[in-house]
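Have a look at the structure below, then the notes.
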Amino acid sequence: MLKDFLSCIEHERASGGFFVHTGITGQLSKQLIRRSNKIILVSGQKLVNFVLNKQLKIVGITISGKS
């Protein structure tokens, strides 16, 4: 699933994306996330903080609109 998500990001020429899940992140997924540098994983405590409306720290993001 994560590979499909990364393929979609690359196909759409997006700068990146957020991957949200409630399961356990496996080693292969962690390696793919580190290598790609295009996926921000929102899981575990980050997900709990987001759901509870606490601040979610995200760094290195640039958002631009397409014309």
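The values are calculated or read from the model by the stated rules, or taken from the named source; none is laboratory data. Keep in mind it's a predicted model, so treat the numbers as computed, not measured. Reconstructed Cβ throughout: ideal geometry from the backbone, glycine too, with neighbour counts over all protein chains shown.
Cβ-Cβ under 6 Å, sequence separation 6+ or interchain: first residue in the stretch 20-31 and assigned to a strand (DSSP E or B), partner of a type in the set (A, V, I, L, M). Which pairs?
Matching pairs, first to second residue: VAL20/VAL42.
Take the residues of the stretch 32-44 that are among the small types (Gly, Ala, Ser) and assigned to a helix (DSSP H, G or I): which is nearest to MET1 (Cα to Cα)?
SER36
Within the stretch 1-17, identify whether any single residue is basic (Lys, Arg), exposed (fewer than 10 other Cβ atoms within 10 Å of the Cβ) and at pLDDT 90 or above, and answer yes or no.
yes
For LEU47, are the conditions met, namely being outside any loop (DSSP other than H, G, I, E, B), closer than 16 Å to LEU2 by Cβ and modelled with pLDDT under 90?
Spelling it out, LEU47 is indeed outside any loop (DSSP other than H, G, I, E, B), closer than 16 Å to LEU2 by Cβ and modelled with pLDDT under 90.
Counting just the residues of the stretch 50-62 that are assigned to a loop (DSSP other than H, G, I, E, B) and of a type in the set (A, V, I, L, M, F, W, C), which one comes out modelled with the highest pLDDT?
Step by step, filter the stretch 50-62, then rank; the result is LEU52.
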